[in-house]
Amino acid sequence: MATAPQVQVRPGKLFIGGQWLDAADGRTYATINPATAEPITHVADAGERDVDLAVQAARQAFESGPWAEMSAADRAKILWRLGDLIDQHSDELGTLETLDNGKPIFESRYVDMPMAAEVFRYYAGWATKIHGETIPVRGPFLNYTLREPVGVVAAIVPWNFPLLLASWKVAPALTCGNTVVLKPAPWTPLTALRLAELAQQAGVPDGVLNVLTGSTRELGRALVRHPGVDKIAFTGSTATGQEIVRNSADTLKRVTLELGGKSPNIIFADADLDAAVKGATIGIFYGKGEVCAAGSRVFVEKKIKDEFIERLADRARKLQPGDPLDPKTRLGALVSEEQMQKVLSYIEKGRAEGARLVAGGTRAAFGNGKGYFVQPTVFDGVRNDMTIAREEIFGPVLAALEFETLEDAIRQANDNPYGLAAAVWTRDIAKAHRVARQLKAGTVWINTYNNYDPAAPFGGYKMSGYGRELGAHALEHYTQVKSVWVNLKD
Ligand code: NAD
C-alpha cells in the first residue's frame with residue numbers, strides 16, 4: 001500500500017460559532033480507513049446539547065451580525081474565494097476523502113474536489129442575481145416580492161461523496177443568505193472539518209457555517225426536531241428520508257430529499273456497443289457502486305445480450321480493486337465493514353434467487369488483507385422481481401436483464417419504486433428522446449452516464465425524493481417569497 005501523504009488531520013472538535021469545541025459530554029469516536037480497517041484519527045461525537053449550541057450560533061449569525069447585513073456582492077466574493085481555496089487544497093482534501101471513504105484518489109482528487117470548488121463558484125455567481133419582481137395588481141397599489149433566505153439550514157449528508165454533497169447544500173444555502181449546520185456522515189467526517197477551516201479563511205463570518213460530527217443517528221434526529229432549524233437539506237437513504245419527514249412534521253420544516261436509486265441503463269442493439277460497454281462499466285463501478293445514481297440494472301436488447309454481457313463481464317474481471325491512494329487505482333474499498341457485509345449478502349441473495357454470476361462475487365484481498373474490498377460483480381439472467389433488481393445494493397454489483405421491444409424496456413425500467421436516474425444507448429436519436437420522455441427519473445443520460453454539472457439540476461422522482469439540487473432550481477429551496485403591498489392613493 002502506498003503510504004499516506006502527509007496530510008494534517010484536524011483536531012477532532014466541533015466547529016460552532018467560529019470556535020473549535022469538544023463535544024459537550026467530551027465523547028469522541030474513531031474514524032476508520034476502510035482500505036486497512038485501521039483508525040485514522042478520533043473526532044468529536046456530538047449530542048443534543050451540541051445541536052442546541054450550533055443551532056443557536058447559526059440563528060444568531062442569521063438574525064444579526066455581518067452576514068445578515070452583508071450585500072449579495074460581498075457574499076459572492078467570499079463564496080468564490082472558498083471555491084478557490086478548495087482548488088488550492090485539493091491534494092490534501094482529496095487525500096482526506098480517500099483515507100476516510102476508501103474511494104480512489106483519482107476520483108476524490110480529480111473529480112470530487114474540482115467539482116466541489118466549481119459548485120461554490122457557480123453559486124457565487126448567483127448571489128447577485130436573486131431578486132423579486134413587481135407584479136401588476138388591480139387598484140392603486142404597488143405589489144412587489146422579496147426573495148428572502150429561509151433561515152437556519154441543517155445539511156445532512158451521506159458518506160459516499162462527503163465534501164461534494166456538502167457543497168451541493170452549503171453553497172446554495174449561503175448564496176441565498178442562510179446559515180448552516182452541516183452534519184457529515186459518521187464514517188466520513190474529515191473533509192467537512194477542513195471545509196469549516198477553509199470557509200473561515202475565505203471570510204465566512206462566525207456562526208454562518210457550523211459542523212457537527214457524530215457517530216449516532218440521534219444526532220441527526222436532534223437536528224431534525226430542533227425548533228431553531230428552518231430547513232433540512234438531506235441526502236441519504238429512502239428509509240432515513242421518510243423518518244426525517246415524520247420527525248420534521250411537528251415543526252413543519254421545509255425539507256428536500258435526495259434519496260436512493262436503482263437506475264436502469266438501457267442498451268439498444270443499434271447503440272455504439274464499445275461506448276455502451278464502457279458506459280455501463282462506469283455506470284456501475286465508478287465510486288465502487290456506492291453512487292446513488294449507479295446504473296445498477298442494465299437492460300440489454302435480446303439480440304445483442306450475450307455478446308454485450310460477455311464484454312462487460314470481461315471488463316469487470318480486469319477491473320481489480322487496488323490501493324485507493326495509488327493514482328492508477330480505479331476501484332477502491334467499500335466505506336465500512338457493515339457496508340461490505342451488506343453488499344456480500346446481496347450477492348448471496350442473487351445466487352440464491354437463481355441469477356447467474358458471470359464476474360466477481362467475493363471479497364477481494366488487498367494490502368494488509370483487512371480492507372473492505374469487493375470484486376466487481378456481474379449477474380446475468382436477472383429478472384426484474386429478484387431482490388438484486390429491486391433493492392439498492394450500493395456496491396459494485398450489476399444486475400443484467402434483457403428486453404425485446406422499446407415498450408418492454410420502458411415498462412421494466414419504470415417497474416421499480418425508485419426514480420433517480422436512467423440512461424439509454426442508441427444511435428436512433430428520435431428513439432432516444434422518446435425513451436427519455438417515458439422514463440420516470442429525475443435525470444436521463446443519452447449515450448453517456450454519470451455526467452454532472454453545477455448548473456444542471458439533480459434529484460429524484462418517486463421514492464428517490466423531492467426537490468432539486470444544483471442549478472437555478474436549488475435556489476427555490478433556499479429562499480422564500482414575501483409579497484409587499486404599497487398603497488399608492490393620495
Ligand atoms: P443514511 O440515510 O443512513 O445516512 C445519511 C445521513 O443521515 C448521515 O449523515 C446519517 O448520519 C444521517 N442520519 C441517519 N439517521 C438519521 C435520522 N434518523 N435523522 C436524521 N439524520 C439521520 O444513508 P447513508 O448510508 O449514509 O448513504 C447511503 C444512501 O444515500 C443511499 O441510499 C444512497 O442512494 C443515498 N444517496 C443519495 C444521493 C442522491 O443524491 N439522491 C446521493 C448519495 C447517496
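The values are calculated or read from the model by the stated rules, or taken from the named source; none is laboratory data. This is a predicted model, so every value here is computed, not measured. Backbone-built Cβ (ideal geometry, glycine too); neighbour counts: all protein chains shown. For the accessible areas, the whole protein counts, side chains as well, though only heavy atoms, and no ligand, DNA or RNA atoms are used. Shrake-Rupley method; radii C 1.70, N 1.55, O 1.52, S 1.80 Å.
Hey, could you get me the Stokes-Einstein D for the chain, Kirkwood radius over alpha-carbon pairs, 20 °C and 1.002 mPa s, rounded to whole µm² s⁻¹?
Details: Rh = 23.3 Å.
Value of D from the Cα-based Kirkwood radius: 92 µm²/s.
May I ask you to list the lysines whose Cα is less than 18 Å away from that of Lys431, ignoring any residue fewer than eight positions away on the same chain?
The reachable lysines, counting only those whose Cα sits under 18 Å from Lys431, are Lys302, Lys303, Lys440.
How many angstrom lie between the Cα centre of the stretch 119-144 and the Cα centre of the stretch 241-298?
33 Å
Cα-Cα over 18 Å: which of Lys103/Lys462; Lys288/Lys318; Lys349/Lys462; Lys278/Lys462; Lys262/Lys462?
Numbers: Lys103/Lys462 29 Å; Lys288/Lys318 14 Å; Lys349/Lys462 25 Å; Lys278/Lys462 28 Å; Lys262/Lys462 12 Å.
With Cα atoms farther than 18 Å apart: Lys103/Lys462; Lys349/Lys462; Lys278/Lys462.
Which residue, Gly289, Gly102, Leu212, has the largest displacement toward the positive end of the dipole of the chain when charges sit on each Cβ (Lys, Arg +1; Asp, Glu -1)?
Toward the positive end, the furthest listed residue is Gly289.
Given Cβ point charges of +1 (Lys, Arg) and -1 (Asp, Glu) and nothing else, what value in debye, to the nearest 20, does the dipole of the chain about its Cα centre take? Intermediate values should be presented prior to the final figure.
Working: 55 positive and 57 negative charges, 145 e Å.
For this selection, approximately 700 debye.
Helix 162-175: angle to the longest alpha-carbon principal axis of the chain, degrees 0 to 90, nearest 10?
Roughly 30 degrees between the two axes.
Please work out whether the stretch 88-167 counts as rounded, prolate or oblate from its C-alpha gyration tensor, where a ≥ b ≥ c are the square roots of the eigenvalues and a/c under 1.5 means rounded, while otherwise a/b larger than b/c means prolate and anything else oblate? Don't jump to the answer; show the numbers that get you there.
Working: a/c = 5.04, a/b = 3.08, b/c = 1.64.
Prolate is the answer for the stretch 88-167, as a/c is 1.5 or above and a/b outweighs b/c.
What accessible area per residue, rounded to a whole number of Å², is obtained for the chain using a probe radius of 1.4 Å?
Working: 19390 Å² over 490 residues.
I get 40 Å² per residue for this part.
Taking the Cα atoms of the stretch 274-387, report the difference between the largest and smallest coordinate on each principal axis, in whole Å and largest first.
44, 31, 23
Tilt of helix 190-202 relative to the longest C-alpha principal axis of the chain, in degrees (0 to 90, nearest 10)?
It works out to around 40 degrees.
Tell me, what % of the accessible area of the stretch 264-455 is carbon and sulfur with a 1.4 angstrom probe?
On the way: 3690 of 7580 Å².
Here it works out to 49 percent.
Relative contact order, percent, of the chain when contacts are C-alpha pairs under 8 Å separated by at least 6 residues? List each step's numbers first, then the result.
Working: 1180 pairs, mean separation 91.2, N = 490.
This gives 19 percent for the chain.
Please work out whether the stretch 1-112 counts as rounded, prolate or oblate from its C-alpha gyration tensor, where a ≥ b ≥ c are the square roots of the eigenvalues and a/c under 1.5 means rounded, while otherwise a/b larger than b/c means prolate and anything else oblate? Could you put the intermediate results ahead of the total?
On the way: a/c = 3.23, a/b = 1.31, b/c = 2.46.
Cα axes put the stretch 1-112 in the oblate bin.
Work out the charge dipole of the chain with +1 on the Cβ of Lys and Arg and -1 on the Cβ of Asp and Glu about the Cα centre, then indicate which of Ala58, Leu331, Leu312 is farthest towards its positive end.
In the chain, that residue is Leu312.
Taking every DSSP beta bridge with both residues inside the stretch 264-455, roughly what % is antiparallel (nearest 5)? All intermediate terms of the calculation are to be shown ahead of the outcome.
Values: 5 of 24 bridges.
So the antiparallel bridges amount to about 20 percent of the total.
So for the stretch 264-455, what percent of the C-alpha to C-alpha distances run longer than 29 Å?
On the way: 3208 of 18336 pairs.
The proportion of pairs with Cα distances above 29 Å equals 17 percent.
Mind pulling the angle between the C-alpha long axis of helix 72-88 and the longest principal axis of the chain? Nearest 10 degrees, somewhere in 0 to 90.
Roughly 40 degrees between the two axes.
Convert 4 °C to kelvin, take the viscosity as 1.567 mPa s, use the Kirkwood radius over C-alpha pairs of the stretch 340-415 as Rh, and evaluate the Stokes-Einstein diffusion coefficient in µm²/s, rounded to a whole number. Can you show the working numbers first?
Working: Rh = 13.2 Å.
Result for D is 98 µm²/s.
Under the rule of -39500 (n - 2.57) per DSSP H run of 4 or more residues, summed and divided by the residues of the chain, what mean residue ellipticity at 222 nm is obtained, to the nearest 500 deg cm²/dmol?
-11500 deg cm²/dmol
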